[in-house]
Amino acid sequence: MADDVSDIRAYYDNLVERENGRLERHQQEHDVTWRYLDKYLPKSGKILEVGAATGAYTIPLAKRGYNVIAVDLSPKLVNTCKKRVKEEKLEKKVKCFVADGRELKDVPGNDYDAVLIMGPLYHLVLKEDREKTVQEAYRRLKPGGVIFSALVSRYGIWGTIMARLPFLIDRQEDLRSVMENGKDVKVPEGGFRGYFTTVKEVKPLHEKAGFKTLVLAGVEPANTVADEAYSALEGERRKLWLDLLFAISTEPSIIGASDHLLYIGVKEG
């Protein structure tokens, strides 16, 4: 039986404004991810974005000429995305749907040039649900289509937790459960229920569905402690730092130390 994710839907319904500005607060993740999108996205075509939230990637992708089907589990996030699309006069380029990434039966199309899964995989605590989501993406892609999947690292999150939520160290049973199983024993009401992956799990998850791996990267290679310093950079100096971050993002010894991982693969055929 599939996991009940109504609590995750409610979690995001209650945090629309925070989610709307998340990548403005995490510019290292944003910029490194865009470097990979620029490198591996086809020059034009049709994109399925699962976990689109309020459109942080949707809007700029549409402005670049892509046709985007934006999907999210949260009705309130989707409504905000629709408003942004209308404000930007992109209604002909973007269609928004409330849907679960594990089964996109109400979402049209099996001919996408790319699929972005920028969130769902770090909320699906059951392995079979993560597999369903990746398999659904594979089914929707045309041969040669590319997948971009975001995941949260089991070993990269602790610096952020220590800085923002140091009291969580008192929950030793949950800590052990995350380290051993990738998830909390019991998430407090209204809290973040997630799955925290190991690096070694990521490629097999996607390759089982049929993808050929292109890249596995850590998109915060300087860790999130550097976010404030990076965000303050401007001009050529910022570009040079981004060049460095991008260059080291696939270094095996530091991938898992990033909060977020990015998998890129292709559907051969």
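The values are calculated or read from the model by the stated rules, or taken from the named source; none is laboratory data. Here the structure is a predicted model, which means the values were calculated and not measured. Virtual Cβ from ideal backbone geometry, glycine too; neighbours counted across all protein chains shown.
Residues in the range 89-107 that are touching a Phe, Trp or Tyr at 6+ places or on another chain (Cβ under 9 Å), touching a residue at least 24 places away in the same chain (Cβ under 8 Å) and more than 15 Å from TYR57 (Cβ to Cβ): LEU104, VAL107. Among the residues making up the range 54-101, those that are closer than 16 Å to TYR112 by Cα and touching a Lys or Arg at 6+ places or on another chain (Cβ under 6 Å) are ALA62, ASN67, ILE69, CYS96.
Looking only at the range 218-249, count how many residues are part of a loop (DSSP other than H, G, I, E, B) and either within 17 Å of the chain's Cα centre (by Cα) or acidic (Asp, Glu) (or both). Working first, answer last.
Looking only at the range 218-249, we keep the residues that are part of a loop (DSSP other than H, G, I, E, B), and these are 219-223, 232-234, 249.
With the extra rule that they be either within 17 Å of the chain's Cα centre (by Cα) or acidic (Asp, Glu) (or both), the set shrinks to 219-221, 223, 234, 249.
Matching residues across the range 218-249 total 6.
The residues on offer are LYS200, LYS212, LYS208, LYS142, and the sole one that is surrounded by fewer than 19 Cβ atoms within 10 Å (Cβ to Cβ), more than 15 Å from the chain's Cα centre (by Cα), part of a helix (DSSP H, G or I) and touching a residue at least 40 places away in the same chain (Cβ under 8 Å) is LYS208. Scanning the range 31-48 turns up no residue that is acidic (Asp, Glu), within 13 Å of the chain's Cα centre (by Cα) and surrounded by 15 or more Cβ atoms within 10 Å (Cβ to Cβ).
Every listed requirement among (1) touching an Asp or Glu at 6+ places or on another chain (Cβ under 8 Å); (2) crowded, with 21+ Cβ neighbours inside 10 Å; (3) touching a residue at least 60 places away in the same chain (Cβ under 8 Å); (4) more than 30 Å from VAL225 (Cα to Cα) is met by VAL71 save one, (3).
Can you name the residue in the range 99-115 that is hydrophobic (A, V, I, L, M, F, W, C) and within 20 Å of ALA10 (Cα to Cα) and, of all such residues, is surrounded by the most Cβ atoms within 10 Å (Cβ to Cβ)? Among residues in the range 99-115 that are hydrophobic (A, V, I, L, M, F, W, C) and within 20 Å of ALA10 (Cα to Cα), the one surrounded by the most Cβ atoms within 10 Å (Cβ to Cβ) is LEU104.
Please verify whether the range 145-159 includes one or more residues that are in contact with a Leu (Cβ under 9 Å, 6 or more places away or on another chain), at pLDDT below 95, surrounded by fewer than 22 Cβ atoms within 10 Å (Cβ to Cβ) and not in a strand (DSSP E or B). Within the range 145-159, not a single residue is in contact with a Leu (Cβ under 9 Å, 6 or more places away or on another chain), at pLDDT below 95, surrounded by fewer than 22 Cβ atoms within 10 Å (Cβ to Cβ) and not in a strand (DSSP E or B).
Give me the residue from the range 244-269 that is out of contact with any helix residue (DSSP H, G or I) (no Cβ under 9 Å at 6 or more places or on another chain) and free of Cβ contacts under 8 Å to residues at least 60 places away in the same chain and, out of that set, nearest to ILE117 (Cα to Cα). The extreme case among them is THR250.
Candidates in the range 116-139 are the residues that are among the aliphatic types (A, V, I, L, M) and in contact with an Asp or Glu (Cβ under 6 Å, 6 or more places away or on another chain); of these, the one that is surrounded by the fewest Cβ atoms within 10 Å (Cβ to Cβ) is LEU126. Would you be able to say whether some residue in the range 167-182 is under 24 Å from TYR12 (Cβ atoms), out of contact with any strand residue (DSSP E or B) (no Cβ under 6 Å at 6 or more places or on another chain) and exposed (fewer than 12 other Cβ atoms within 10 Å of the Cβ)? Checked against the condition, which is being under 24 Å from TYR12 (Cβ atoms), out of contact with any strand residue (DSSP E or B) (no Cβ under 6 Å at 6 or more places or on another chain) and exposed (fewer than 12 other Cβ atoms within 10 Å of the Cβ), the range 167-182 yields at least one hit.
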